[in-house]
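The values are calculated or read from the model by the stated rules, or taken from the named source; none is laboratory data. Bear in mind the structure is a predicted one, so any value in this text is a computation, not a measurement. Positions of Cβ are generated from backbone atoms using ideal geometry, with glycine treated the same way; all protein chains shown enter the neighbour counts. Calculation scope for accessible area: heavy atoms of the full protein, side chains included, ligands and nucleic acids excluded. Shrake-Rupley method; radii C 1.70, N 1.55, O 1.52, S 1.80 Å.
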Amino acid sequence: MQVAALPKTVQLSAYLQDSRVESQPASVTLEADKVGDRLEGPRLEIEDPLYRRARPDANGNYLEQPPTPQFDQVTSFVTAQATLELAERLADQSIEWAFSERSLGVRPHQGTGMNAYYVRQDESIQFYCFDSRPLDKTVQVSQCADVVAHETGHALLDGLKPEFLYDWGGHSRAFHESFGDCMAILVAASRPALVDRALSETGGDLLRDNPINRVAEEFGLAWRKAWDPSDERLFLRNANNNFLYVPMEQLPENGPPDSLTRQDHSYGQIFTGAFYRCLVAMAGPGGQHLSGAAEELGRLLLHAVAMLSPSSTTLPEVARCMLTADRQLYGGAHEEALSRVFSERKLLSTEEVQAWRRQYDELPRLQKSNDPERFLRRHQQALGVDASAYQHYRTVRDRQGRERWELLSRQRVDTAALAGEIKGGLTLTFDPAGRLGWLSRQDITRERIEEACVALSKLGPEDISLGPAGGHLYPAELGPDGLVRRSAWLKD
Ligand SMILES: [Zn+2]
């Protein structure tokens, strides 16, 4: 009998959350070939030119302890790798980066500041440090697992849906922020020690705050205290929130912390709050199924994302695609819980849930062919689509044999000073037997054109990069086609 050799593993010391939550780092196991002998795996690598690179001990383990720059390297690498592996497992597919086949750089010491970035042009996630007088320490943001998972989440979503960052409207970016926080929640819920702790701290009542729903404990506390030293709340954002969906245009542009505004991070909390409430519902009484519920909810989220139109999205559309994913993966086992939460949170009204059900039940189960554009022309009437507007963008297959065809449409948008471009799109998802299972679309509506015009009219010449940005992050860039588009980087 042949026994497959188990992959060689190594131990690395890392915070599962951060030093506010844990008195000392935990020991985390990763496959040796994902780590290499310089924190350089096939998908991720530490970039930290100012400091000596952490090296493994004689057994191949990285057991650095804080406070050293080498510990920051190890702990940020561990969480970024854990986030990547979790997302690929939940999505049932490998997720390429948006920039190239190179690995994603993890920069634990990018500079001084109270922030972290994902910058596609730099092919990296970047973490800053800052002195916190109230906490009496220098906070290394690279030590905060939630922030690392959040930034890695941006990189993953950018790989899955690269056009989202060019969307002129706020919805796709708000979902980007929410997706980052959802990944932080899922990574935390994938760590048994944190699940045990969440259950013991709350006595199984997950509507009480715990390390899984609090996003960025140490960073959040330091950030809050910088404005108000009496603020003791241990989070940057809290997924255990009560925000209800409202159309973005009804909200103010900005507002006090923890209020609901149009700002990406704030607006994204609507979805994150619903997501966490779904987790609580699926975890059952006393939170007894928390680990398994997080795994299933995570699969629903990643499969929903794969089904979204490639051009852009909205929070209600993600909710609809999660309901669809539940039918496809679990035969609708979570439909009651999900639709109840989505209705309570006003992401989908009861009528919209009914409309989704009809759409799902009545969708023609067409058999896929090998030419997406021809398929769309042939079936445009049945699908209610104007096929002439769309060009095939890419085809993505998952490990179960599902196939997703992504198509894009484009329209030029002119303002007095600038010309830009707006994209619509649709994704056709085929089940492993090759039958059409779902269609998600985002049209170029009058509202979206207006949003693009408003965004373009706010840009001055100094906001637009004409070539490689040389370290400066411009809000927009001029494409080779002479059209202006948003820049693909994200702050926090
Ligand atoms: Zn972010």
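With surrounded by fewer than 22 Cβ atoms within 10 Å (Cβ to Cβ) and touching a strand residue (DSSP E or B) at 6+ places or on another chain (Cβ under 9 Å) as the only criterion, which of 239, 193, 222 stands out?
193
Can you tell me which of 408, 490, 439, 426 is within 16 Å of the ligand (Cβ to nearest atom), touching a residue at least 40 places away in the same chain (Cβ under 8 Å), open to solvent by less than 50 Å² (accessible area, probe 1.4 Å) and part of a strand (DSSP E or B)?
Among 408, 490, 439, 426, only 490 is within 16 Å of the ligand (Cβ to nearest atom), touching a residue at least 40 places away in the same chain (Cβ under 8 Å), open to solvent by less than 50 Å² (accessible area, probe 1.4 Å) and part of a strand (DSSP E or B).
Kindly indicate whether residue 215 is open to solvent by 10 Å² or more (accessible area, probe 1.4 Å) and within 12 Å of the ligand (Cβ to nearest atom).
Here the answer is no, as residue 215 does not meet what is asked.
Does segment 108-129 include one or more residues that are assigned to a helix (DSSP H, G or I) and either over 14 Å from the mean Cα position of the chain (by Cα) or modelled with pLDDT of 95 or more (or both)?
Taking every residue of segment 108-129 in turn, none turns out to be assigned to a helix (DSSP H, G or I) and either over 14 Å from the mean Cα position of the chain (by Cα) or modelled with pLDDT of 95 or more (or both).
Could you check segment 443-473 and list, in sequence order, the residues that are open to solvent by less than 60 Å² (accessible area, probe 1.4 Å) and either within 16 Å of the ligand (Cβ to nearest atom) or within 20 Å of residue 264 (Cβ to Cβ) (or both)?
448, 452, 453, 455, 456, 459, 463, 473 - these are the residues of segment 443-473 that are open to solvent by less than 60 Å² (accessible area, probe 1.4 Å) and either within 16 Å of the ligand (Cβ to nearest atom) or within 20 Å of residue 264 (Cβ to Cβ) (or both).
Mind listing whichever residues of segment 323-344 are free of Cβ contacts under 8 Å to residues at least 40 places away in the same chain and touching a Phe, Trp or Tyr at 6+ places or on another chain (Cβ under 9 Å)?
Residues satisfying the conditions are 323, 325, 327, 339.
Could you check, for segment 187-206, whether at least one of its residues is within 16 Å of the ligand (Cβ to nearest atom), under 25 Å from residue 89 (Cα atoms) and part of a helix (DSSP H, G or I)?
yes
State the number of residues belonging to segment 65-96 that are over 20 Å from residue 298 (Cβ atoms) and either assigned to a loop (DSSP other than H, G, I, E, B) or among the polar types (S, T, N, Q) (or both).
The first filter runs over segment 65-96 and keeps only residues over 20 Å from residue 298 (Cβ atoms), leaving 65-77.
The next check asks that each one be either assigned to a loop (DSSP other than H, G, I, E, B) or among the polar types (S, T, N, Q) (or both); those that pass are 65-68, 70, 73, 75-76.
Count: 8.
Answer yes if at least one residue in segment 268-287 is open to solvent by 40 Å² or more (accessible area, probe 1.4 Å) and more than 30 Å from residue 335 (Cβ to Cβ), and no otherwise.
Scanning segment 268-287 turns up no residue that is open to solvent by 40 Å² or more (accessible area, probe 1.4 Å) and more than 30 Å from residue 335 (Cβ to Cβ).
Restricting attention to segment 118-141, and to residues there that are within 15 Å of the ligand (Cβ to nearest atom) and touching an Asp or Glu at 6+ places or on another chain (Cβ under 7 Å), which single residue is most open to solvent (accessible area, probe 1.4 Å)?
120
Among the residues of segment 152-160, are any more than 13 Å from the ligand (Cβ to nearest atom) and over 21 Å from residue 472 (Cα atoms)?
Of the residues in segment 152-160, the ones more than 13 Å from the ligand (Cβ to nearest atom) are 159-160.
Adding the requirement that they be over 21 Å from residue 472 (Cα atoms) leaves 159-160.
Yes, because at least one residue in segment 152-160 is more than 13 Å from the ligand (Cβ to nearest atom) and over 21 Å from residue 472 (Cα atoms).
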